[in-house]
1. Does residue 253 fit the bill of being of a type outside the set (S, T, N, Q), outside any loop (DSSP other than H, G, I, E, B) and either more than 24 Å from residue 424 (Cα to Cα) or touching a Cys at 6+ places or on another chain (Cβ under 9 Å) (or both)?
2. When region 97-115 is examined, which residues are found to be out of contact with any helix residue (DSSP H, G or I) (no Cβ under 7 Å at 6 or more places or on another chain) and either at pLDDT below 95 or surrounded by fewer than 22 Cβ atoms within 10 Å (Cβ to Cβ) (or both)?
3. Hey, does region 378-393 have a residue that's surrounded by 15 or more Cβ atoms within 10 Å (Cβ to Cβ), among the hydroxyl-bearing types (Ser, Thr, Tyr) and either over 27 Å from residue 277 (Cα atoms) or touching a residue at least 12 places away in the same chain (Cβ under 8 Å) (or both)?
4. Here are 76, 42: which of them is of a type in the set (D, E, K, R), in a helix (DSSP H, G or I) and within 22 Å of residue 125 (Cβ to Cβ)?
5. Just give me the residues in region 293-350 being on the phi > 0 side of the Ramachandran plot and in a strand (DSSP E or B), in sequence order.
6. List the pairs whose first member sits in region 136-165 and is in contact (Cβ under 8 Å) with a residue 60 or more places away in the chain, whose second member is in a strand (DSSP E or B), and whose Cβ atoms are under 6 Å apart, counting only residues at least 6 apart or on separate chains?
7. Could we say that residue 320 is surrounded by fewer than 16 Cβ atoms within 10 Å (Cβ to Cβ) and of a type in the set (Asp, Glu) here?
8. Go over the candidates 359, 375 one by one and state the one that is at pLDDT below 95 and either open to solvent by 10 Å² or more (accessible area, probe 1.4 Å) or part of a strand (DSSP E or B) (or both).
Amino acid sequence: MKKVVKFGGSSLASAQQFMKVGNIIHADEDRRFVVPSAPGKRFDKDTKVTDMLYACYALAEKDHDFTKEFSQIEERYQEIIDGLKLDLDLTPEFNQIIDNFKKKAGADYAASRGEYLNGIIMACYLGFEFVDPADAIRFNEAGVFDAELTNKLLGKRLEGIEQAVIPGFYGAMADGMVKTFSRGGSDITGSIVAKAIQADVYENWTDVSGFLIADPRIIKNPKGIDMITYGELRELSYMGAGVLHEDAIFPVRKEGIPINIRNTNSPEDEGTWIVGNTCQKSKYTITGIAGKKGFASINIEKDMMNAEVGFGRKVLQVFEDYNISFEHMPSGIDTLSVMVHQSEFVDKEQKILSGINRAVSPDHVDIQSDLALIAVVGRSMKSQRGTAGRIFAALAHANINVRMIDQGSSEQNIIIGVDNEDFETAIKAIYDIFVETRL
């Protein structure tokens, strides 16, 4: 078997954490391709190396002296090297980075050096080959990730290599300019590597033992999720569930490669398996609950709307003209609602309302603000009668007014809109009825 193992920043924040990672890798000879993040926080008030690099580069851009700030970054890495007792000198690398900062190499270059340097240390510690993703992970001229070219280049670069360390988070454009993914993008790198080498499993090691049914900041000690499908995870990740970067799903999903979320600090835990499909039933009717605050609903009414060809397209065209994406669009015979992020909408609301009036001449337009959206997700929901009824009964019992309802065609998710102030109470009520009391 071939396994790709990605380790997050908290898993590599210190020499002690590196040792844990080394033990995990050596415990399974199939773990042959390693994707490290930059060092994360060692304690609560610590600073991530990526943030330290951003701060340094901000000074360099203004031609300010950043010697003191960069020396703190050097100390972080030297502390790891010394703790691991490695015969490794990163001075040439540090000098090159300083020189490139002075030459204004770009914020993406600056941020990527955290993973780059940690990758060098990891390769030295494990005795694996170091592979710079800038040589094989490609972005086009517009800075958009080129999946097809990357798969070809990376597959060729890793061909014949038995063990390798490939830093996460970045690649490069054709001219060699370094380009990063969004924050948390090392997850994506791991997925890309897994696809390129046709891995059997992609293990993503972090500081939690997989996904939880609900946010632990809202639900005390929520139950864990043993297995989740890509589709379910996509719904939950989009609505704010963390642990894995949502874009990390796509490369492995097409190849049918399962992802296993594991805990570096509790390697004996099985964690959560993310799979394309499964015949295994969930322990509960629902797989997970996630949500976000800060939405607005633009509610449009017009008699005989359903008979007007192109009505929905004309409405959405107005939002597109003002560069506003919509989240959900529930509708009735004579009504249509468009859910958007309130922060993006508020400064353009009058222009958008005017545009809607010009485009479709509605009878009435109403706006509801300060809404939260909650996604209740589960592959078992479509085979269970009364799931929606149980959700609304729980909310009614908690005295919560439902502002919006939308269900996906897959029948594995129900989206509920509530007031921002009812967000946490609603999640507690839904969790209680499906997990705690299981009525």
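1. Considered against the rule, which asks whether it is of a type outside the set (S, T, N, Q), outside any loop (DSSP other than H, G, I, E, B) and either more than 24 Å from residue 424 (Cα to Cα) or touching a Cys at 6+ places or on another chain (Cβ under 9 Å) (or both), residue 253 comes out as yes.
2. Selection gives 99, 103, 105, 106, 108.
3. Yes, there is a match, as at least one residue in region 378-393 is surrounded by 15 or more Cβ atoms within 10 Å (Cβ to Cβ), among the hydroxyl-bearing types (Ser, Thr, Tyr) and either over 27 Å from residue 277 (Cα atoms) or touching a residue at least 12 places away in the same chain (Cβ under 8 Å) (or both).
4. 76
5. Scanning region 293-350 gives a single hit, 294.
6. 163/32; 164/33; 164/129; 165/34; 165/130
7. yes
8. Matching residue, one of 359, 375: 375.
The values are calculated or read from the model by the stated rules, or taken from the named source; none is laboratory data. In this text, all values refer to a predicted model and were calculated from it rather than measured experimentally. Glycine also receives a Cβ, built like all others from the backbone with ideal geometry; neighbour counts cover every protein chain displayed. Surface accessibility is based on the protein's heavy atoms, side chains included, excluding ligands, DNA and RNA. Shrake-Rupley method; radii C 1.70, N 1.55, O 1.52, S 1.80 Å.
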